[in-house]
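See below for the structure under consideration.
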Amino acid sequence: MQNSPSAAAPWFEAKLQRIRHRRSLHGTLVGLQLDHAEPAQAWTVLPFHPVFVGDDASGVMHGGVVTIMLDESCGMAVQLAAEATGAIATLDLRIDYLRPAAPRQAIRAHAHCYRLTRSIAFVRATAYQDSEEVPVASATAIFMLGANRSDMLRQTSKVPYDQLPPLEAPADPTGLFERNPYPRFLGIRYADADTLMMPYQPKLIGNPILPALHGGVIGAFLETAAVVEVGREMALSDAPKPIGLTVNYLRSGRPLDTYAKVSIVKQGRRVVAFEAQAYQSTPNEPIASCYGHFMLRRDEVPAASEAI
């Protein structure tokens, strides 16, 4: 599907060009591209990069990378849905993982803002590889319009897109993520015995005007923290497989170190339900919460647990 210039209003073409050139810092760093667009719809592509791999043994992109891609793609669809410009913020993002992605291949996304009110935008999206009819993941999201006074599409201050660091995953001296490039890229590590930490780095910024952490990065951190903590608490030999998760964004993520606490809500024969919270200054003021489910490998199913 291609653009239809004859049907597009002048404001749409102008906004489309702004989106192409004034993106989030993190989206620019990871190479997320706006492939083509129509009013209220965006098609994007994220080329494969070794940094995006969740486990070296599989070569498959980490689920958190899909979260970042879907979050930003949905935001583009919202911006392309109305003539007015202004700051938008993700309120809620739900992702369902439908099938494993093929290893070492690009991922594409199609986001559609299907309902727009004065204050809220409703979006649905799919992530896929060869065909949109065979999605890797699906998402629904809610965005707030006019979330703050920053407007990335009309900003005039210099944004350091040309000063972004190289896309690489440094070594992990703790050995926690020795085989996991993407968590190393985010810098995730333990802050104490049961709290994971994502140290602040400029590359994690989404809105450079506030500045604020990328919403997808926060979601990726919470998912990674949940995988690690559930695996540790259950003494799993392999990481549990994400089925679906919902991230609720409660406060703007400031340019500070971010922490995550995870708890198991229910443990069944094949499925584990978890909750996670991300915070910065204090656990009493979380910036995001996450609820989701993991699937266990058959050989690691607890024999005495209740069936789900």
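The values are calculated or read from the model by the stated rules, or taken from the named source; none is laboratory data. Please read all numbers here as calculations on a predicted model, not as lab measurements. Quick reminder, even Gly has a Cβ in these numbers, built from the backbone with ideal geometry, and neighbours come from all protein chains shown. Only protein heavy atoms, including side chains, enter the accessible area calculation; ligands, DNA and RNA are left aside. Shrake-Rupley method; radii C 1.70, N 1.55, O 1.52, S 1.80 Å.
Details
- GNM flexibility winner over the chain from Asp130, Asp55, Asp192 (Cα, springs under 10 Å): Asp192
- Integer Hz, Karplus 6.51/-1.76/1.60 couplings in order for the range 16-21, x for Gly and Pro: 4, 5, 5, 5, 5, 10
- For the chain, the relative contact order works out to 17 percent when only alpha carbon pairs closer than 8 Å and six or more residues apart are counted.
- Full-stretch length increase - Glu285, Ser58 - with 0.36 nm per residue and alpha-carbon distance subtracted: 78.0 nm
- Centroid-to-centroid separation of the range 199-251 and the range 72-129 [C-alpha atoms, Å]: 18 Å
- Unit charges on C-beta of K, R, D, E only; dipole of the range 1-125, Debye: 220 debye
- Formal net charge of residues neighbouring Val45 (Cβ-Cβ distance under 9 Å; K, R +1; D, E -1): 0
- Amide H contacts under 5 Å for Val136, placed H, 5+ residues apart: Ala127, Tyr128, Gln129
- Using Cβ point charges alone (K and R +1, D and E -1), the dipole size of the chain about the Cα centre works out to roughly 640 debye.
- In order along the range 192-206, the phi-based Karplus estimate (6.51 cos²θ - 1.76 cosθ + 1.60, θ = phi - 60°) of 3J(HN,Hα) comes to 8, 4, 9, 10, 8, 9, 10, x, 5, 9, x, 5, 8, 6, x Hz; Gly and Pro are listed as x.
- Peptide ranges 116-124, 233-241, 42-50 listed from the most packed, as the mean C-beta count within 10 angstrom indicates: 42-50, 116-124, 233-241
- Difference of contour (0.36 nm per residue) and Cα-Cα distance, Leu116 to Lys266: 50.4 nm
- Scalar couplings 3J(HN,Hα) for the range 271-288, obtained by applying the Karplus form with A = 6.51, B = -1.76, C = 1.60 to θ = phi - 60°, are 10, 10, 9, 9, 10, 9, 10, 10, 8, 10, 5, 8, x, 6, 10, x, 8, 7 Hz; x denotes Gly and Pro.
- Neighbourhood net charge (12 Å Cβ-Cβ; Lys/Arg +1, Asp/Glu -1) for Tyr291: -1
- Computed with a 1.4 Å probe on the full set of protein chains, the accessible area for Glu13 sits at about 60 Å².
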